[in-house]
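Each remark here refers to the structure printed beneath this line.
The values are calculated or read from the model by the stated rules, or taken from the named source; none is laboratory data. Since we're looking at a predicted model, the values are computed, not measured. All Cβ positions, glycine included, derive from the backbone under ideal geometry; neighbour counts span all protein chains shown. Note: areas computed on protein heavy atoms with side chains; ligands, DNA, RNA excluded. Shrake-Rupley method; radii C 1.70, N 1.55, O 1.52, S 1.80 Å.
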Amino acid sequence: MTITIQSSLLIGSFLYLYAFVITLFLLRKYSEIKSSLLFFGFFFLLNAIGQMGIFYRDDLPVFISVIVANTFLVLAPLCLLHSFTILFKIKPKIKFSSAIILVFIALFVYFTYFVPNVQLRIIVYGLIVSIIFIYLIYSGIQNHIEEKLTDSLFFLIIVSYLIIHIFRSVFATLNFVPSNFLEYNQDAINILLMAIVGSSLLFGILVFYNTIYKRKLSTREEFIKTIVKNIPTPAFLHKSNNDIISVSQTLLDFTGYKEEQLTTIDEWVDLAYGDRKGTIVGIIEKLYKNKTETIHNVVQVRKSDMTERTWSFHSKYIGNLENGDEMALSVALDITDIKEKEQKLQEIVITDYLTKLYNRRHFETCIQDSNVESNLPYGIIMADINGLKLINDAFGHKEGDLLLEEASKVFKSVFKNKADVFRIGGDEFAFTVKNTSSKEIEALLNEVVKQASKVYINSIQLSIAFGYTIKYKTTEDIYLTINDAEDKMYREKIMNIPSMRSSALDGIMNTLYEKDIYSSNHSLNVSKYAERFGQVLKLNRDQITELKTAGILHDIGKIIIPTEIIQKDGKLNESEMNIIQSHPEIGYRILYSTSEMRSVSNIVLHHHEKWDGTGYPLKIKGEKIPRSSRIISIVDAFDAMTSDRLYKSKFSIKEAIKELEHCAGTQFDKKLVASFVKNIDKIVLKDDLI
């Protein structure tokens, strides 16, 4: 059997056409290199068309079967070159391709129409195609050595294809056909070999593209791993088969775990979540089921040192790997500090700043628990600190705050784990007790009273009034329960007020006597002289009682004056004098807080006013000064002059009378001074000055 050129052309056309069809199917698989693969397909198609045109040369015009057909055969390797430039992002070889086509067409037209010569046309075609393939190999080596083009099957096939073209051109030039060449037509064999080798480029390009594609995928996967590794927050990339692909360095730094400890999700949840791992595994499984959903969750993550941090995780399915494995990314933010601040802020919102008990706002929320059947019977206890205003006025708000804090300590001690405690007002407290009884509440309150009896603030005992009511049915209005408890508390408070205030005043005076060694005798003397002076002036019984009481309490306002000023043995400076002169107003406020002492408080307020209006604190004068205050002013000055002090020696009675008379009409009421002097023997007895 003899292989003819015709049979070689026909077989070659079908080989190239077959390769083209296969290329069309490959376009779907290698979509990322679609443009490059498309031009590679044109290489096969143009070769098939060109050889088919030559095959039908007897039936077609010379221009088509020679010029056009062979131009297609030259365009085919140019398409291969263009495919190569697209794949490797090399600048397109437009000028080179245009020059090649123009030179080829010109030579083929010349050797077809002007100097017809088949042998020269074969040589021209072989040389032109060889130049294209040499240029293709050169460009690949120059621009993409790193792709190892020279080691690929693709390269070997191209070189083989080039060698066949060169041999064909050489044989055509020498017109050499061996007589014993298996009796085959030499050029027909060349054409057939070119078709076989050319179509085999399909396999070379497949291997080459696949190598490049895998390398790109590998590079992409490494790139993704690098990105995850360098994410500045805790993060990890994981697969649906439980493997962890990459872990951020930040996660490792935060947790103290090593990367080799975190190769699977199971290892991570065992280390970071312990007994809570079931919940986390469920969340991850949900992630791969609901691929369009981003899952957010806040979890406690355990570090390698066994401490825990609060992380806010955000996880999303992000696609498939080349092998089909599903992949998701989980990124976390450490919100421990934020949560702690939120918790502190929440505590601030519901906590009383002074006592650290719950506040009224939280009380309004908690009482809704009374509508839950399982909490019944539900007890409401209301409490009020007796005498807080008195202590604030006597000792200052700092001491009043101390009283509230001490009361709160008692409440916390007694009601711990038994009731919620709230400060709902200045001196008002509330307690909610679930599943309680009157017997239990009575026992709790008795314990409070017992502990409170041991608490003293500046000699004043902690005193608390209570009232409670129990809600038994969810249909009962909790606010009516609260009102009933308040009413009971106020009734108890009213009953306790007299004894409490009396005790408080005694405590204040005792504290004053401890600060000023002269205060006790001075107060008793002023009270005694005022009582006798009132009797001399024939005042009624109530007025004399007020004078006697005012005499005892006239300096009660000095309770807030620092000891170093009270006991100073030298002259007071202006600042110290201003502090001393504030004591009538302080005394007034202390006494005015007690209803039965309000008339006395007015006497105390004005006992340092002067007849001429130069006194203090209000600088009123004459008859505008209450008479009882004018009386206290005289006896107060008399006792001060006739008693020993650190800063002076005492006056005799005559010296004191002389000073009173000297100041009559300016500091003192002239008529009252005259009456006092006239009745001095009735007011001041001999035993009083011993």
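Starting from the Cα-Cα distance between Thr307 and Glu585, subtract it from 0.36 nm times their residue separation and give me the gain in nm to one decimal.
So the extension gain works out to 94.2 nm.
Kindly provide the Kirkwood hydrodynamic radius of region 224-374 in Å, to one decimal, from all pairs of distinct alpha carbon atoms.
Taking every pair of different Cα atoms in region 224-374, averaging 1/r and inverting gives 17.6 Å.
If you stretched the chain out fully between Gln261 and Gln535, how much longer would it get, using 0.36 nm times the residue separation minus the C-alpha to C-alpha distance?
Roughly 88.8 nm would be gained on extension.
Under a crude label model (7 Å from the Cα following the beta-carbon direction), how far is Leu402 from Tyr110 in nanometres?
About 12.0 nm, to one decimal.
Distance between Cα centroids, region 444-462 to region 620-690: provide it in whole Å.
43
How many nm is it between the label spots at Ser595 and Val21, if each spot is 7 Å from the Cα in line with the beta carbon?
Going by the 7 Å Cα→Cβ label model, 11.4 nm.
Rounded to the nearest 10 Å², what accessible area does His362 show when all protein chains are kept and the probe is 1.4 Å?
The value for His362 is about 40 Å².
Please give the direction-averaged projected area of the C-alpha convex hull for region 583-655, in square nanometres with one decimal.
In nm², the orientation-averaged hull projection of region 583-655 is 5.8.
Hey, any idea what % of region 553-690's accessible area is carbon plus sulfur with a 1.4 Å probe?
52
Quote the FRET efficiency, to the nearest 0.05, computed for Ile101 versus Tyr138 with a Förster distance R0 of 25 Å and r equal to the Cβ-Cβ distance.
After rounding to 0.05, the efficiency reads 0.85.
DSSP loop (so not H, G, I, E, B), at most 16 other Cβ within 10 Å: list which trypsin sites (Lys or Arg not before Pro) in region 31-128 pass both filters.
Answer by residue number: Arg57, Lys89.
Report the one residue of Ile335, Asn359, Val372 whose Cα lies farthest in the direction of the positive end of the charge dipole of region 307-381 (charges on C-beta: Lys and Arg +1, Asp and Glu -1; origin at the Cα centre).
Sorting the options by dipole projection puts first Asn359.
How do the peptides 464-470, 671-677 rank, highest first, by the average count of neighbouring beta carbon atoms within 10 Å per residue?
Result, highest mean Cβ count within 10 Å first: 464-470, 671-677.
May I ask you to derive the FRET efficiency for Glu623 and Asp337 from their Cβ-Cβ distance with R0 = 56 Å, giving the value to the nearest 0.05?
The formula returns an efficiency of 0.20 here.
Can you give the accessible area of Glu564, probe radius 1.4 Å, in Å² rounded to 10?
My reading of the accessible area for Glu564 is about 130 Å².
Find out how many positive minus negative residues lie around Lys621, taking Lys and Arg as positive, Asp and Glu as negative, among other residues whose Cβ is under 9 Å from that of Lys621.
After counting each charged neighbour, the total is 0.
Lys418: which lysines have alpha carbons under 17 Å from its alpha carbon, excluding same-chain residues fewer than 8 sequence positions away?
Excluding near neighbours in sequence, the set is Lys409, Lys434, Lys439, Lys471.
Please report, as a whole percent, how much of the solvent-accessible surface of region 439-482 comes from carbon and sulfur atoms (probe radius 1.4 Å).
54
How much length is gained on full extension from Ser453 to Arg57, taking 0.36 nm per residue of separation minus their Cα-Cα distance?
129.8 nm
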